[in-house]
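All remarks here apply to the structure that follows.
The values are calculated or read from the model by the stated rules, or taken from the named source; none is laboratory data. All values reported here derive from a predicted model rather than from experimental measurement. Neighbour counts are summed over all protein chains in view; Cβ atoms, including those assigned to glycine, are modelled from backbone coordinates with ideal geometry. Please note that ligands, DNA and RNA were not included when accessible areas were found on the heavy atoms of the full protein model with its side chains. Shrake-Rupley method; radii C 1.70, N 1.55, O 1.52, S 1.80 Å.
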Amino acid sequence: MPCAYLIVEIEVKDSQAYKGYTAATLAVVAKYGGEFIVRGGRVDAREGAAPAGRVVVIRFPSYDKASAFYDSEDYAELLALRLSITDSRAFIVEGAD
């Protein structure tokens, strides 16, 4: 079964609240078998527009696990917080076999 990736482009509007959000997500991501691959860092847009802010990539063992994480009650409050303190775009993609 191929792994899956949750990819999020994030423009932070409240950096103090975002620090709390990032600290709280670690345990929830781990609970669903997720592993952070990218958490910010340099971005060099080679085609199209660059992301407005940070890029986060989280690898999950399967598409179902990634969806279960994003849709979970465990993440719901954190998601609501992130949506209130950022402008973001998120998507789940299935990895190659």
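Which of the trypsin sites (Lys or Arg not before Pro) across the stretch 1-40 are loop residues per DSSP, with 16 or fewer other Cβ within 10 Å?
Answer in residue order: Lys13.
How long is the gain from Leu26 to Ala76 if the chain were fully straight, where each residue apart is worth 0.36 nm and the alpha carbon distance is subtracted?
Length difference between fully extended and current span is 16.6 nm.
Given a Förster distance of 25 Å, report the FRET efficiency between Gln16 and Ala52 from their Cβ-Cβ distance, rounded to the nearest 0.05.
Details: r = 19 Å, r/R0 = 0.77.
Between Gln16 and Ala52 the formula returns 0.85.
If each of Ile7 and Asp44 carries a label point 7 Å out from its Cα toward its Cβ, how far apart are those two points in nm?
1.8
Leaving out ligands, DNA and RNA, and with a 1.4 Å probe, what % of the accessible surface on the chain is carbon or sulfur? Kindly include the intermediate steps, with their values, before the conclusion.
On the way: 3000 of 5990 Å².
About 50 percent, which is the carbon plus sulfur part of the accessible surface.
What residues have an amide H closer than 5 Å to that of Gly95, excluding those fewer than 5 places away on the same chain, when H is modeled at 1.01 Å from N in the peptide plane?
Cys3, Ala4, Tyr5
Count neighbours as other Cβ atoms within 10 Å of each site's Cβ, and list the GluC sites (Glu not before Pro) in the stretch 1-79 that are DSSP loop with at most 15 such neighbours.
Values: sites: Glu9, Glu11, Glu35, Glu47, Glu73, Glu77; in loops: Glu47.
Sparse-neighbourhood loop GluC sites (Glu not before Pro): Glu47.
Per q in 0.29 Å⁻¹, report the Debye log10 I(q)/I(0) for the stretch 10-62, using one uniform scatterer on each alpha carbon and no solvent.
Here the Debye-derived log intensity ratios amount to -1.16.
Among the aspartates and glutamates, which fall within straight-line cross-link reach of Lys65, defined as a Cα-Cα distance under 18 Å, with same-chain neighbours fewer than 8 residues apart omitted?
Partners found: Glu35, Glu73, Asp74, Glu94, Asp97.
What's the center-to-center distance, using Cα atoms, between the stretch 48-91 and the stretch 1-36 in Å?
Value for the Cα centre distance between the two parts: 6 Å.
Would you work out which of Gly20, Tyr75, Ala90 lies farthest towards the positive end of the dipole of the chain, given +1 charges on the beta-carbon of Lys and Arg and -1 on that of Asp and Glu, about the Cα centre?
Gly20
Could you go through the stretch 19-32 in sequence order and give the Karplus-derived ³J(HN,Hα) for each residue, using 6.51 cos²θ - 1.76 cosθ + 1.60 with θ = phi - 60°, rounded to whole Hz, and x for Gly and Pro?
4, x, 4, 5, 5, 6, 6, 3, 5, 5, 4, 4, 4, 9
Given charges of +1 on the Cβ of Lys and Arg and -1 on the Cβ of Asp and Glu, with all other atoms neutral, how large is the dipole of the chain about its Cα centre, in debye to the nearest 20? If you can, show how the numbers build up before the last one.
Values: 11 positive and 14 negative charges, 74 e Å.
Using Cβ point charges on Lys, Arg, Asp and Glu, the chain gives about 360 debye.
For the chain, modelled as a Gaussian network with Cα springs under 10 Å, which listed residue fluctuates most, Ala49, Ala24, Ala80?
Ala49
Stretched out fully, how many nm does the piece from Glu94 to Phe36 gain, at 0.36 nm a residue minus the Cα gap?
Full extension of this stretch gives 19.3 nm more.
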